[in-house]
1. Of the residues B:Glu329, B:Glu370, only one is free of Cβ contacts under 8 Å to residues at least 12 places away in the same chain and open to solvent by 10 Å² or more (accessible area, probe 1.4 Å); which?
2. Conditions: (1) away from chain A (no Cβ under 13 Å); (2) open to solvent by less than 20 Å² (accessible area, probe 1.4 Å); (3) in contact with a strand residue (DSSP E or B) (Cβ under 9 Å, 6 or more places away or on another chain). B:Ala187 meets all but one. Number of the miss?
3. Here are the criteria: (1) more than 21 Å from the chain's Cα centre (by Cα); (2) surrounded by fewer than 22 Cβ atoms within 10 Å (Cβ to Cβ); (3) within 11 Å of chain A (Cβ to nearest Cβ). Tell me which single one B:Leu167 does not satisfy.
4. What number of residues in the stretch B:336-352 are open to solvent by less than 20 Å² (accessible area, probe 1.4 Å) and farther than 18 Å from B:Asn373 by Cβ?
5. Is it true that some residue in the stretch B:381-390 is surrounded by fewer than 21 Cβ atoms within 10 Å (Cβ to Cβ) and either within 17 Å of the chain's Cα centre (by Cα) or within 14 Å of chain A (Cβ to nearest Cβ) (or both)?
6. If a residue must be open to solvent by 70 Å² or more (accessible area, probe 1.4 Å) and either among the charged types (D, E, K, R) or touching a residue at least 60 places away in the same chain (Cβ under 8 Å) (or both), how many such residues does the stretch B:14-32 contain?
7. Considering only the stretch B:106-147, state which residues are more than 8 Å from chain A (Cβ to nearest Cβ), surrounded by fewer than 24 Cβ atoms within 10 Å (Cβ to Cβ) and in contact with a Leu (Cβ under 8 Å, 6 or more places away or on another chain).
8. When you go through B:Ala136, B:Ala177, B:Ala162, B:Ala187 one by one, which is the residue that is part of a strand (DSSP E or B) and within 22 Å of A:Phe10 (Cβ to Cβ)?
Amino acid sequence: MNVKPINELFKKELVVINMGLESFADNLKDVGVKVLQMNWKPPAGGNKKISSLLSRLGR
Amino acid sequence: MILKKILVQKDSYYDSVFLMLINKEVKQFDGVKDAVVSMGTDVNVELLKDMGLANEEVESATANDLIIAVEAESEEVAEKAIEAAKELLNKKKSESAESDEYRPVSLDKAVEMLPDANLVVISVPGAFAAREVRKALNMNLHVMLFSDNVSLEDEIELKKLAEEKGLLMMGPDCGTAIINGKPLCFANVVKKGDIGIVAAAGTGLQEVTCSIEKFGGGITQGIGTGGRDLKNSQVGGRMMRMGIEALKNDPETKVIVVISKPPAEDVAGKVIEALKETGKPCVIHFVGLGAGKQEGNLYYAENLEEAAGMAVALSKGEKYEKRTFTIPEEEVEAIVERETQNMAPGQKYLRGLYTGGTLADEAMILFEREIGNIYSNNQTKPELVLKDPHTSQGHTIVDLGDDVFTVGRPHPMIDPSTREERIIKEMEDPEVAVMLLDIVLGYSSHEDPAGAILDSLKKAKVKAKERGGYLSIVTSITGTKGDFQNMDEQKKKLESIGCVVMPSNYQASMLALKIIRKVG
């Protein structure tokens, strides 16, 4: 079982992208983690069918 | 006359926790009977239809459209309430705009801005989460997936992808993790040490990590897997086995702990095999499974606190001393005596009112084993599932974090009002002898969880006294000295109104059991 990237992560400083609830980013900042909050919006204007289609197309 | 007013604002996305807080404020508006402020997801639109708050515009809304629906006593009140909601939302928008950091809309852009990023925390609505996880894994980023409502098919596919790439995919529905000492989502500030944990149970991981610190130990990593990882044969405990493998290779980790609700049989076998191969001492807590057993490097713990106690003993090379209470037996007996002496005849039932799912399960399984017939919304025995989760019957242990309580409102760990309402309801029942509660501290939890329910607990005690009885309230605090809520203050608050505060959920449950046995 390949888990090399996980063991590499254990040796690194955690650097986080937060997609969604903003409070999770605030908490991380509070403990000194470098974090970037995204301004996430539902894809395809929130239309689930088109969104899943785009996802399958790799977009 | 009741008046309904609905506003749909196209292309205005806000996150659900923020909208729930606004919703709460609008509901409290004088003259407002009911209100919903939410995004137009399928679930929310259905909910609005059921409430009679849907029009054509609502029915065609998408997850990117904001809906404000108000039911009020007059047009004027309804309009004012909608204006107030808009104002709160605008305030938020201008606050975000003022912050000087640019917020990328896409993951590609985010990685461009933060090229050394190594983990993505995803908490977007479940219907959209899988595609974001897939993107992140394909960009070789580890993932913590907090969102629930992700399909089993997606979970299997994403975990297979994570396995191929050797990446963490913690979740879906993973609420707690501690990676490199950093608490993610709902987690506590725990000292570093040499114990590594993989858990398929959020508050279970919180209780174990906090107990490890209490016993003088510390942790390397706390990896979450999401609750379905071991329950479903097709998911097959993939993330737990990868976590175990990583902890096996980690030179900092001396002892490994795994926690899960009872796994599917074939999955349990695979996990145990993986643990054997680590060659490191391993503590297993599969809620009730094999408790007390030891096989080679594997030690089976009966409860969450014991899992922590065993791990700390193993890490220090000491022998683990099994005991139920960490406070002297005489003290326990004195508490039982004090808590029961003024109860009225007919007070006999337990009411466990939990915010933490794993903690509720731990109490339920213990009571089920010791006295049986425990009603709960988490029961696996169909005849003991609460007919109405909002109403207790006999001995009841209720998990207030369950979906039935959280549709359209925040989790009770964030917003204590669900539990407050339940305490007020329970206090009318003269047959209640003991209320058993968890107080969960740590990041993302309410800033003062004990203080927030103190008034209602006090009222419940007074009510029982007025009836000529006594209500026993037994609690435990899941937290550490490092948590921002101040654990000592939380304890003092509870004790100031006569609540018993035990050192762990297991000990609180055992004490409640002794009280119930004495009066029952």
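The values are calculated or read from the model by the stated rules, or taken from the named source; none is laboratory data. These figures come from a predicted structure and were not determined experimentally. So basically every Cβ, Gly included, is an ideal-geometry build from the backbone, and we count neighbours across all protein chains shown. Please note that ligands, DNA and RNA were not included when accessible areas were found on the heavy atoms of the full protein model with its side chains. Shrake-Rupley method; radii C 1.70, N 1.55, O 1.52, S 1.80 Å.
1. On the way: B:Glu370 fails: free of Cβ contacts under 8 Å to residues at least 12 places away in the same chain.
Going through B:Glu329, B:Glu370 in turn, the sole match is B:Glu329.
2. Of everything listed in (1) away from chain A (no Cβ under 13 Å); (2) open to solvent by less than 20 Å² (accessible area, probe 1.4 Å); (3) in contact with a strand residue (DSSP E or B) (Cβ under 9 Å, 6 or more places away or on another chain), B:Ala187 misses just condition (1).
3. (2)
4. From the stretch B:336-352, those open to solvent by less than 20 Å² (accessible area, probe 1.4 Å) are B:336, B:339-340, B:347, B:350-352; that's our starting set.
Among the residues that remain, those that are also farther than 18 Å from B:Asn373 by Cβ are: B:336, B:339-340.
So the count comes out to 3.
5. Residues of the stretch B:381-390 surrounded by fewer than 21 Cβ atoms within 10 Å (Cβ to Cβ): B:381-390.
From the residues that got through so far, the ones that are either within 17 Å of the chain's Cα centre (by Cα) or within 14 Å of chain A (Cβ to nearest Cβ) (or both) too are none.
Taking every residue of the stretch B:381-390 in turn, none turns out to be surrounded by fewer than 21 Cβ atoms within 10 Å (Cβ to Cβ) and either within 17 Å of the chain's Cα centre (by Cα) or within 14 Å of chain A (Cβ to nearest Cβ) (or both).
6. Residues of the stretch B:14-32 that are open to solvent by 70 Å² or more (accessible area, probe 1.4 Å), as a first pass: B:21, B:24-25, B:27-28, B:30.
If we keep only those that are either among the charged types (D, E, K, R) or touching a residue at least 60 places away in the same chain (Cβ under 8 Å) (or both) too, we end up with B:21, B:24-25, B:27, B:30.
Qualifying residue count for the region: 5.
7. B:Lys135, B:Leu137, B:Asn138, B:Met139
8. On the way: B:Ala136 fails: part of a strand (DSSP E or B); B:Ala162 fails: part of a strand (DSSP E or B); B:Ala187 fails: part of a strand (DSSP E or B).
After applying the criteria, what remains is B:Ala177.
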